[in-house]
Amino acid sequence: MRLILRNLGFYLLAFWASITLNFVLPRFMPGDPVSRMFAQAQGTMQPDQIAQLRKLFGLDNRPLWEQYVSYVKSVFTGDLGISITRFPTPVSDVIGSQIGWTLLLGGVALVIAAVLGNLLGIVAAWRRGGVLDSAFPPLLIFVGSFPYFWLAMGALYLFGVSLGWFPMRHAYDVGLTPGFNGEFLSNVATHLVLPALTIVLVSIGGWMLGMRNTMIATTAEDYITMAEAKGLSPSRIMFRYAARNALLPSVTNFGMALGFVIGGALLTEVVFAYPGIGYQLLMAVQGLDYPLMQGIFLTITAAVLLANFLVDLVYVRLDPRVRVR
């Protein structure tokens, strides 16, 4: 409990630092959202309207510390401001409408890459020198060295344009009514294949290589030799003794990757015009939508910190050595 509370304090401190940076950085950037809206309105806005907009976006003439206190209160009450590019929609509504698609794409790709990569790494390390150990790691690392957008465009051209096996854009067909029915869910799954496949191909090599290296070190431990001397079956030693202990670093990596899932695979979402946080962030940057950028950055930070805290809780359960620190 002492370890958990100490780590929780660190994460709360990091979250406070992220809120502070999120508040300060946009105010140090040249220009402001109201000036951009005034320019787009071509001088049709009245001075009182400009003053109201500055107050709405927290850019009025109040002292900086008062703006900061007001911003912190707004964050903890769920008020992240008003989006400029989708005015007058609240930022929380914009993020809420997109985050589900990001979680679907990133979560499915992460689970497939982590499970498949770890299984390949376990088998490759247990059968060192075999075909799986010799051929797969360099091949997957080679494929993973390509940028996301290159593989995405290649998969889009081959399987979407040339062969026509999968749809080329969006999360479901235009005109289809969303709902929890077989037609809609199968359509979503079909649209999910290409972007998820791109992310899996890029990331699976890292999962396999990491697990393989950890497994090789684990198989040299004395308790593995003892298990073999006791006559246990190779499959039981591989999964119950070696893999179980070698999974600890992968748990940490999975927690970090789970946090960054919220950020979305920006380039993949852009190539496939897939709705999500990453694609929305690009639109916010292009439109100088500071409140939306702040809200997305804060959401990503909170997701990473929460995922790491959950990993700490899992670590306490998996590794008894952590409990005595």
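The values are calculated or read from the model by the stated rules, or taken from the named source; none is laboratory data. Quick caveat, the model's predicted, so the values are computed rather than measured. Neighbour counts are summed over all protein chains in view; Cβ atoms, including those assigned to glycine, are modelled from backbone coordinates with ideal geometry. Side chains are part of the model used for accessible areas, which takes the heavy atoms of the whole protein and leaves out ligands, DNA and RNA. Shrake-Rupley method; radii C 1.70, N 1.55, O 1.52, S 1.80 Å.
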### Task
Enumerate the calculated ³J(HN,Hα) couplings along segment 144-158 in order (Karplus 6.51 cos²θ - 1.76 cosθ + 1.60, θ = phi - 60°), each rounded to whole Hz, writing x wherever the residue is Gly or Pro.
x, 6, 6, x, 3, 5, 5, 5, 5, 5, x, 5, 5, 6, 6
### Query
Any idea of the accessible area per residue across segment 85-175, 1.4 Å probe, to the nearest Å²?
56 Å²
### Query
Hey, if you put +1 on the Cβ of every Lys and Arg and -1 on every Asp and Glu Cβ in segment 65-156, which of Ser70, Leu140, Met153 ends up farthest toward the positive end of that dipole?
Leu140
### Query
Sorted by accessible area with a 1.4 angstrom probe, largest first, how do Thr225, Thr177, Thr268 fall?
Thr177, Thr225, Thr268
#### Entry: Volume in Å³ per residue [convex hull over Cα atoms, computed for segment 200-240]
63 Å³
### Summary
Rg (one decimal) and Dmax (whole number) from the Cα set of segment 64-160, in Å, equal 22.3, 65
### Task
Pull out the extension gain between Ser162 and Leu185, defined as 0.36 nm times the separation in residues minus the alpha carbon to alpha carbon distance; nm, one decimal.
5.8 nm
### Query
Amide H of Ile82: which non-local residues (sequence gap of 5 or more, or other chain) have their own amide H closer than 5 Å, using H built in the peptide plane?
Val91
## Note on the structure
Phi-derived 3J(HN,Hα) across segment 297-311 with the Karplus relation (6.51, -1.76, 1.60, θ = phi - 60°), rounded Hz, x for Gly and Pro, is 4, 5, 5, 4, 4, 4, 5, 5, 5, 5, 5, 5, 5, 5, 5
### Query
If you plug each phi of segment 227-241 into the Karplus form 6.51 cos²θ - 1.76 cosθ + 1.60 with θ = phi - 60°, what whole-Hz ³J(HN,Hα) values come out, in order, with x for Gly and Pro?
5, 5, 5, 6, x, 5, 5, x, 5, 5, 5, 5, 8, 7, 10
